[in-house]
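Below is one structure; the comments refer to it alone.
The values are calculated or read from the model by the stated rules, or taken from the named source; none is laboratory data. Being a predicted model, the structure only gives us computed values, none of them experimental. As a convention, Cβ positions derive from the backbone with ideal geometry for all residues, glycine included, and neighbour counts pool all protein chains shown.
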Protein chains: 2
Amino acid sequence: MDFIRQVLDRVGDKWSMRIVAALASGPMRYTDLQRQIPGISQRMLTHTLRQLTEDGLLSRTAYAEVPPRVEYALTPLGGGLYEIVKHMIGWVADHHDEIRANRS
Amino acid sequence: MDFIRQVLDRVGDKWSMRIVAALASGPMRYTDLQRQIPGISQRMLTHTLRQLTEDGLLSRTAYAEVPPRVEYALTPLGGGLYEIVKHMIGWVADHHDEIRANRS
């Protein structure tokens, strides 16, 4: 159970979910991701990209160009996680008015 | 869109998801939650419980007993979020072997 909890902590993290959601529209470079995810620090983006790539949820492709180009993309496994994240985004979109009303 | 992102950050947070999952089995006291969620600090548990209660995802009931008893429970809205969290836990349980293999 401990490993499952550990994986849940990694994928159920707000930055992981934002990166997975951003890459759902296709492969992106590091700087594209930085622009797409306001508020994420360089350290956090680098750290989370490395974790998601280690877990096999993202692929990292380096193109032998000048200057070198590196792109991140969802793997099929990452695509599966995106389905869950999409579900959560949909739930929040359906209920954010109710949550806003509860807060006031 | 910004408010949706803000709510997603709150509910898509690992501690929020752990608390929602723990309360799916029924109302609990603060100390029960502390035991159920290893690794959560008192400050984080207090903060996250307050946020989830403000958002209307949890109810907080204080019983006029000696000593006073306070219980937290999922509201119907919180129950809806639990369905998403359950979905994510299920996905992690189904894929944690694949993730473990990817890491090695």
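Listed values, structure above:
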quantity: Sole residue being more than 9 Å from every other protein chain (Cβ to nearest Cβ) and at positive phi, chosen from A:G56, A:G78, A:G26; calculated: A:G26
quantity: Where B:A73 falls short, out of the listed (1) of a type in the set (A, V, I, L, M, F, W, C); (2) in contact (Cβ under 8 Å) with a residue 40 or more places away in the chain; (3) closer than 30 Å to A:T53 by Cβ; calculated: (3)
quantity: Any hit, segment B:9-18, residues being of a type in the set (D, E), away from chain A (no Cβ under 11 Å) and either assigned to a helix (DSSP H, G or I) or surrounded by 17 or more Cβ atoms within 10 Å (Cβ to Cβ) (or both); calculated: no
quantity: Among the candidates A:A93, A:A62, A:A21, residue that is more than 26 Å from B:D55 (Cβ to Cβ) and either out of contact with any Asp or Glu (no Cβ under 8 Å at 6 or more places or on another chain) or free of Cβ contacts under 8 Å to residues at least 24 places away in the same chain (or both); calculated: A:A62
quantity: Positions within segment B:58-104 being farther than 14 Å from A:L57 by Cβ, modelled with pLDDT under 95 and of a type in the set (G, A, S), in sequence order; calculated: B:A62, B:A64, B:G90, B:A93, B:S104
quantity: Pick from segment B:59-75, criterion assigned to a strand (DSSP E or B) and over 11 Å from the mean Cα position of the chain (by Cα), ranking: nearest to the other protein chains (Cβ to nearest Cβ); calculated: B:S59
quantity: Some residue of segment A:24-46 being under 22 Å from B:I89 (Cα atoms) and in contact (Cβ under 8 Å) with a residue 60 or more places away in the chain; calculated: yes
